[in-house]
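J.: Pasting a structure here, questions to come.
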Amino acid sequence: MAAPRLEVDLDKVGHNASTLVGQLALRGIAVTGVTKAALGWPPLARALVAAGVRGLGDSRLANLDRIRRSGIDVHLTLLRSPLPAEAVAVVAGADASCNTEASVVRALSAAAVASGADHGILLMVELGDLREGVLPHEVEGMARLADQLPGLHLHGLGANLACQSGVGPDAANMAELTELAGVAEAVTGERIAVVSGGGSSNIAWATSAPDTGRIDDLRLGEAVLLGREPLHRGAIEWLHTDAFRLVAGVIECRVKPSRPWGATGETAFGPPGAVRDRGHRLRALVALGHQDTDPAGLTPPEGMTVLGASSDHLVLDPGDHVLHPGSEVGFGLTYGALVRAMTSPFVTLAPPSGAGAGTMGR
Ligand SMILES: *Cc1c(COP(=O)(O)O)cnc(C)c1O
């Protein structure tokens, strides 16, 4: 089979999604499944829908288009605020979009009117992580704008945490979001459809807080795909962390001195790391590199150690494993490594080994 390949166990992804849907439903919270790390890959989007997500979200319009074109008929939210010039495409390709700028909201209104669409505005509120969001005192004015402009409705309020500064959800910032939902509803005179508390970093709070207030939605990517929460990168109980595995092939395996010799300067990717002299060791070269994934985000099989990587070569200490040219090595991935692997044109997608032959197409 072709390598490098990303082996995807959609049963495990589906299990993660339905478990999260079930656990959060106990708190009155629905799940928006986030597909961006998988580039909106339709089989994965379908698995999330089958697991009971309320809708799908992605930060890129191309990924949402891919989902729509594959015939998946669910509510789609664009998670990254669009450029003004994208308004026509956003209104055509998404049911709702995250927004923070009045000029963009106006452009969306004009595009919606022109095409006869009714587009939802998910107004993002800044709660301290300092990525996207209007400041709390601006919510009232922005809610009024979305409510009054033709072709639009205020779909909901959202917050994003843990992405830029590592600020997590807590009783105070979530209570503030609940209060702001009240402010927005006083403007529209109607209950807003969605109060979205954040992403995977909110699961611990949402499943344990004594009171989740008006929060009724989480937008979940990493937890669904990799079973982890982003704040501490901890594995979430009851979820699979190994739904994805990156498999690559060995192209050289030889006994070599463990210390380089000769005068040293920089490596292909910056200053060289310190190397301990461990005598002569087996050293395996894997056909995988920065063009395929984030090598720092790979977990090799037990007993193997990643010694370094350049654009197309990854150097491994295979420990007691017997490797030869053509041997395959499977790696676990962090979210960052997964995003890079999904995005690399050199990596194919395949079902898990042993689940039948054939690739799944990208
Ligand atoms: C990526 C993203 C998410 C999903 O985050 P995870 O930590 O992967 O769950 C949610 N909301 C927005 C706005 C995003 O960009």
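J.: Cβ-Cβ under 9 Å, sequence separation 6+ or interchain: first residue in the range 162-191 and more than 20 Å from residue 137 (Cα to Cα) and open to solvent by less than 40 Å² (accessible area, probe 1.4 Å), partner hydroxyl-bearing (Ser, Thr, Tyr) and part of a helix (DSSP H, G or I). Which pairs?
T.: Filtered contacts from the range 162-191: 162/200; 162/201; 168/201.
J.: Counting only residues that are away from the ligand (no atom under 16 Å from the Cβ), open to solvent by less than 40 Å² (accessible area, probe 1.4 Å) and either touching a strand residue (DSSP E or B) at 6+ places or on another chain (Cβ under 7 Å) or farther than 20 Å from residue 93 by Cα (or both), how many does the range 107-134 have?
T.: Looking only at that region, the number is 4.
J.: So, one more: Just for helices (runs of 4 or more DSSP H) wholly inside the range 1-116: which have at least 3 residues that are not hydrophobic (A, V, I, L, M, F, W, C)? Lay out the reasoning, then the answer.
T.: Working: elements: 10-25, 42-50, 61-69, 87-93, 102-115.
Helices (runs of 4 or more DSSP H) meeting the threshold: 10-25, 42-50, 61-69, 102-115.
J.: Could you check the range 62-78 and list, in sequence order, the residues that are within 16 Å of the ligand (Cβ to nearest atom) and either over 15 Å from the mean Cα position of the chain (by Cα) or open to solvent by 40 Å² or more (accessible area, probe 1.4 Å) (or both)? Talk me through it step by step, then tell me what you get.
T.: Within the range 62-78, the subset within 16 Å of the ligand (Cβ to nearest atom) is 62-64, 67, 75-78.
Passing the criteria: 62, 67, 75, 76.
J.: Here is a follow-up. Could you tell me whether the range 308-319 includes any residue that is part of a strand (DSSP E or B), touching a Leu at 6+ places or on another chain (Cβ under 6 Å) and either open to solvent by 40 Å² or more (accessible area, probe 1.4 Å) or touching a residue at least 60 places away in the same chain (Cβ under 8 Å) (or both)? If you could, list the steps in order and put the result at the bottom.
T.: First, the residues of the range 308-319 that are part of a strand (DSSP E or B): 308-309, 314-317.
Now restrict to residues that are touching a Leu at 6+ places or on another chain (Cβ under 6 Å): 314-315, 317.
Narrowing further to those that are either open to solvent by 40 Å² or more (accessible area, probe 1.4 Å) or touching a residue at least 60 places away in the same chain (Cβ under 8 Å) (or both): 314.
Within the range 308-319, one or more residues are part of a strand (DSSP E or B), touching a Leu at 6+ places or on another chain (Cβ under 6 Å) and either open to solvent by 40 Å² or more (accessible area, probe 1.4 Å) or touching a residue at least 60 places away in the same chain (Cβ under 8 Å) (or both).
J.: Next question. Within the set of pairs 6+ apart or on separate chains, which have a first residue in the range 202-224 that is under 17 Å from residue 18 (Cβ atoms), a second that is within 10 Å of the ligand (Cβ to nearest atom) and open to solvent by 40 Å² or more (accessible area, probe 1.4 Å), and C-beta atoms under 9 Å apart?
T.: Hits for this filter: 221/36; 221/335; 222/228; 222/335.
J.: Which of (1) touching a residue at least 40 places away in the same chain (Cβ under 8 Å); (2) closer than 25 Å to residue 178 by Cα; (3) open to solvent by 10 Å² or more (accessible area, probe 1.4 Å) does residue 59 not meet, given it meets every other one?
T.: Answer for residue 59: the failing condition is (1).
The values are calculated or read from the model by the stated rules, or taken from the named source; none is laboratory data. Because the structure is predicted, anything quoted here is derived from the model rather than measured. Reconstructed Cβ throughout: ideal geometry from the backbone, glycine too, with neighbour counts over all protein chains shown. Note: areas computed on protein heavy atoms with side chains; ligands, DNA, RNA excluded. Shrake-Rupley method; radii C 1.70, N 1.55, O 1.52, S 1.80 Å.
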